1. Which residue, of THR209, THR177, THR223, THR198, is within 15 Å of the ligand (Cβ to nearest atom) and surrounded by fewer than 19 Cβ atoms within 10 Å (Cβ to Cβ)?
2. Would you call SER200 small (Gly, Ala, Ser) and part of a loop (DSSP other than H, G, I, E, B)?
3. Can you tell me how many residues within the stretch 130-172 are within 16 Å of the ligand (Cβ to nearest atom), outside any helix (DSSP H, G or I) and closer than 20 Å to LEU75 by Cα?
4. Any chance the stretch 196-204 includes a residue that's closer than 20 Å to LEU271 by Cα, in contact (Cβ under 8 Å) with a residue 60 or more places away in the chain and acidic (Asp, Glu)?
5. Answer yes or no as to whether LEU187 is within 14 Å of the ligand (Cβ to nearest atom), in a helix (DSSP H, G or I), modelled with pLDDT of 95 or more and closer than 15 Å to HIS165 by Cα.
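The values are calculated or read from the model by the stated rules, or taken from the named source; none is laboratory data. On a predicted model such as this, the values are computed, not experimentally measured, just so you know. Cβ sites come from the backbone with ideal geometry, for glycine too, and all protein chains shown count toward neighbours.
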Amino acid sequence: MHGHAAAFRGVAWRRRSAWWSAWLALGLDPGCGDAVPAVTDLVLSPATAVVIGTQPMIPIAPDVYVEPGTSTDDLVALRAAHTRAQGELDAWFPTTTDDRGLVLFCGTAACKIAFGAPPTAASSSDLGFATYVPSGGHEARRAVVVTGPAPNTDRILMHEWVHVHMGLHAQYELVPTWFNEGVATLLAGEPSCAHAPTPSADSLHDVATKDAWQEHIAVPGRTIRIYCQSRNEVRAWVGGDVSAATVAAAVVVVLDAVAAGAEFEAVYGPLRG
Ligand SMILES: [Zn+2]
């Protein structure tokens, strides 16, 4: 069901300081019946006008918005996915209290395009990416745009939120791209590496920058392989049978050291893969 999206999965390119990523599926529990609150606020952005004319996005939780026109059942499913992702993230990064930003759930390609997704990738059911949106005349706010509801909506959101949390400690560009993506993939389980794809890079040193990463995945068939190669490297680095929270804590140590001026390699050590 994700075949049409394969060429775009894991797309990573810059747009207004955003990073982008898109994925493959894992299972999702059916949502239980939360009430959906009334519209009390809205995110105004160029996107809203493009996607739905004058209609605002629908708020379903603080800082969480859904594309207008979404059915009540889908609103409930998205709220459940958000709650699940939030629970995981709170366990992984318990000491981070900074702004996680907005969550924008898009069901249609038009919604994703309106928030900046390229048309070629927008129809992917596993697309998630980060962006910034204007917010009521205030400073633009960070946001993650997540496809949903889809079977893996919660995990796409987790992957993007791992990037957000890592970014609170050190800017994305300060550590190798494979490290950013490997950590997000390992913690979120998204994309899934259950089928153990073979590595696609001779060395992860070859995909240390965003440009190099993008160039690498421009070759068909490499995307899931490089995400899982990166994920497996981080998993090997962590070693043992440790919890996601332990992984997150180890990652934060690296990020904080790099943000304080240390060389990544000096903190991380040699590649294990
Ligand atoms: Zn990513």
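1. On the way: THR177 fails: surrounded by fewer than 19 Cβ atoms within 10 Å (Cβ to Cβ); THR223 fails: surrounded by fewer than 19 Cβ atoms within 10 Å (Cβ to Cβ); THR198 fails: within 15 Å of the ligand (Cβ to nearest atom).
Answer to the check: THR209.
2. It is true that SER200 is small (Gly, Ala, Ser) and part of a loop (DSSP other than H, G, I, E, B).
3. Matching residues across the stretch 130-172 total 6.
4. Of the stretch 196-204, the ones closer than 20 Å to LEU271 by Cα are 196-204.
Among the residues that remain, those that are also in contact (Cβ under 8 Å) with a residue 60 or more places away in the chain are: 199, 203-204.
Then drop every residue that is not acidic (Asp, Glu), which leaves none.
No, the stretch 196-204 has no match at all.
5. Working: within 14 Å of the ligand (Cβ to nearest atom): yes; in a helix (DSSP H, G or I): yes; modelled with pLDDT of 95 or more: yes; closer than 15 Å to HIS165 by Cα: yes.
For LEU187, the condition - within 14 Å of the ligand (Cβ to nearest atom), in a helix (DSSP H, G or I), modelled with pLDDT of 95 or more and closer than 15 Å to HIS165 by Cα - is met.
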